[in-house]
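Beneath this line is the structure, given in structure tokens, with notes to follow.
The values are calculated or read from the model by the stated rules, or taken from the named source; none is laboratory data. Only a predicted model underlies this, so the values are computations on that prediction, with no experimental measurement involved. Quick reminder, even Gly has a Cβ in these numbers, built from the backbone with ideal geometry, and neighbours come from all protein chains shown. In case anyone asks, the SASA skips ligands and DNA or RNA and just uses the protein heavy atoms, side chains included. Shrake-Rupley method; radii C 1.70, N 1.55, O 1.52, S 1.80 Å.
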Amino acid sequence: MPQGSASVGSLLPHYVSGWCAGMINVTVTFPINKVIFRQQIHGLPFRQAFRQVSKEGPLLLYRGLGPPLCQKSLQICLMYGLFNTCYNTFPSYDNTKRIVLAACLAGTIEALVATPFERGQSLLQTPAFHGKIKNTLDLRHHLVTVKQWYRGLGAILFRNTTTNSLFFLSRDPLSRQLNKFDPPKLLSDFICGACLGALNSTLIYPVNVVKSYQQKQISTKNQSLFTSCKMVLKERNYKVRKLYLGVQLNFSRSLISWGIINATYEFLIHRLSKSSRQYY
């Protein structure tokens, strides 16, 4: 098939592989993510956040799994699928421009789809709402307008477009460097995804902190990303290092998470299509 002209059938495996990778990843890493979330919204050190989650018991450990399971699997499905679709839509652009444009378009659509899921996850994981919001379906009684569901959209747009661009710009160059050591392909794909995911999540971590701050509230007025950032800094005595509480665990989780995602995606795409990608 000529570069830049991909059929629907040839692109579908990218969506399926991404969806499966997202499902596996969320199931494995959800408990870790819950501890990180507590650190983000309360500014707690790791041990205190871990004890808080542990005391709630196993029944509440996976409370809130529904939204991220739907959101993350759909998000990864769209990230890989839409990237390949958009990349093949602009054959006249040079390679770097195509990657950035495709990554940003994919990230924008991801944000529009995923923001309500992230909003629901944030509320379900916030201790203040444990007695008020029963489950995922009960969210509809508390978030009654589209604007309420899309609180935090600006932060998610910025995060997605930035991390998608960095990921797809760096993935193949890093993979080529790793292949010089001739490791097993599954291991190479895991290391590649782990390194890029951990780096991206660390760089963008303060944006996620602000996003969590925005989404943990219901009754307060919507605030811009800049205003929310100032409020978070004020709450933490204007100490930037406190925006990074939880970053160590987040780094470790991202190593595992993105290693699983990239390795699973590559493993499946090689079996669902004749070539690993429709680009390059």
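Pull out a ≥ b ≥ c, the square roots of the eigenvalues of the alpha-carbon gyration tensor of the stretch 146-280, then state rounded if a/c is under 1.5, prolate if not and a/b is larger than b/c, and oblate in the remaining case.
Note, shape of the stretch 146-280 comes out prolate.
Mind ordering 256-262, 103-109 by average Cβ neighbours within 10 Å, highest first? Kindly include the intermediate steps, with their values, before the conclusion.
On the way: 256-262: 23.9, 103-109: 21.1.
Ranking the peptides 256-262, 103-109 by packing returns 256-262, 103-109.
Please state the shape class of the stretch 185-247: rounded when a/c is under 1.5, otherwise prolate if a/b exceeds b/c and oblate if not, all from the C-alpha gyration tensor. It would help to have the intermediate numbers written out before the result.
Working: a/c = 3.81, a/b = 2.24, b/c = 1.71.
Cα axes put the stretch 185-247 in the prolate bin.
Treat the stretch 1-131 as a sphere of radius equal to its Kirkwood radius over Cα pairs and apply Stokes-Einstein at 4 °C in a medium of 1.567 mPa s; give the translational diffusion coefficient in µm²/s, rounded to a whole number.
Numbers: Rh = 16.6 Å.
D = 78 µm²/s.
Please compute the contact order of the chain in relative form: average sequence separation of alpha-carbon pairs under 8 Å and at least six residues apart, divided by the residue count, as a percent. Provide the component values of the computation, followed by the final result.
Numbers: 400 pairs, mean separation 80.5, N = 280.
RCO, the chain: 29 percent.
Pairs of Cα atoms under 8 Å, at least six residues apart: use those to get the relative contact order of the stretch 38-160, whole percent.
Values: 99 pairs, mean separation 33.9, N = 123.
Dividing the mean separation by the residue count of the stretch 38-160 yields 28 percent.
Quick check: residue separation of residue 134 and residue 146 times 0.36 nm, minus the Cα distance between them. What number comes out in nm? Display every interim value, and only then the final one.
Working: separation 12, 0.36 × 12 = 4.32 nm, distance 2.06 nm.
Taking 0.36 nm per residue and subtracting the Cα distance, the gain is 2.3 nm.
Could you state the accessible area per residue of the stretch 30-113 in Å², with a 1.4 Å probe and every protein chain left in place?
Details: 3610 Å² over 84 residues.
Counting only protein heavy atoms, the per-residue value for the stretch 30-113 is 43 Å².
So what is the calculated 222 nm ellipticity per residue for the chain, using -39500 (n - 2.57) for each DSSP H run with n of 4 or more, over all residues, to the nearest 500 deg cm²/dmol?
Values: 11 runs with 200 residues, N = 280.
Only helices count here, giving -24000 deg cm²/dmol.
Grab every C-alpha pair in the stretch 59-123, bin the distances at 10 angstrom width from 0 up to the longest one, and report whole percents.
Answer for the stretch 59-123: a P(r) of 22, 39, 23, 12, 3, 0 percent.
Once you charge only the Cβ atoms, +1 for Lys and Arg and -1 for Asp and Glu, what is the size of the charge dipole of the chain about its Cα centre, to the nearest 20 debye? Provide the component values of the computation, followed by the final result.
On the way: 33 positive and 10 negative charges, 211 e Å.
Dipole magnitude for the chain comes out near 1020 debye.
Looking at (1) 43; (2) 62; (3) 47, which value of percent of Cα pairs over 25 Å apart comes from a calculation on the structure shown?
Matching entry in (1) 43; (2) 62; (3) 47: (3).
Calculate the tail of P(r) for the stretch 122-226: the fraction of all Cα-Cα distances greater than 16 Å, expressed in %.
For the stretch 122-226, the share of Cα pairs beyond 16 Å comes to 67 percent.
Classify the stretch 142-184 from the C-alpha gyration tensor, please: rounded if a/c falls under 1.5, else prolate or oblate depending on whether a/b exceeds b/c.
prolate
If I take R0 = 30 Å and measure r between the Cβ atoms of residue 28 and residue 219 in this structure, what FRET efficiency does the formula 1/(1 + (r/R0)^6) give, to the nearest 0.05? Mind dumping the intermediate values first?
Values: r = 35 Å, r/R0 = 1.15.
Computed FRET efficiency for residue 28 and residue 219 comes out at 0.30.
Students often get this wrong, so check it: of 55/234; 132/216; 72/221; 97/185; 34/132; 97/230, which have C-alpha atoms separated by over 22 Å?
Details: 55/234 30 Å; 132/216 13 Å; 72/221 27 Å; 97/185 28 Å; 34/132 19 Å; 97/230 34 Å.
Beyond 22 Å between Cα atoms: 55/234; 72/221; 97/185; 97/230.
Answer with one residue from 152, 178, 168: the one whose Cα lies farthest towards the positive end of the charge dipole of the stretch 141-199, charges on Cβ with Lys, Arg +1 and Asp, Glu -1.
Going by the charge dipole, the pick is 152.
Residue farthest toward the positive end of the dipole of the stretch 43-140, with Cβ of Lys/Arg at +1 and Asp/Glu at -1: which of 48, 85, 114?
Projecting each Cα onto the dipole axis, the largest value belongs to 48.
Of the accessible area of the chain, with the probe set at 1.4 angstrom, what percent is carbon plus sulfur?
Values: 8880 of 13430 Å².
Roughly 66 percent of what the probe reaches on the chain is carbon or sulfur.
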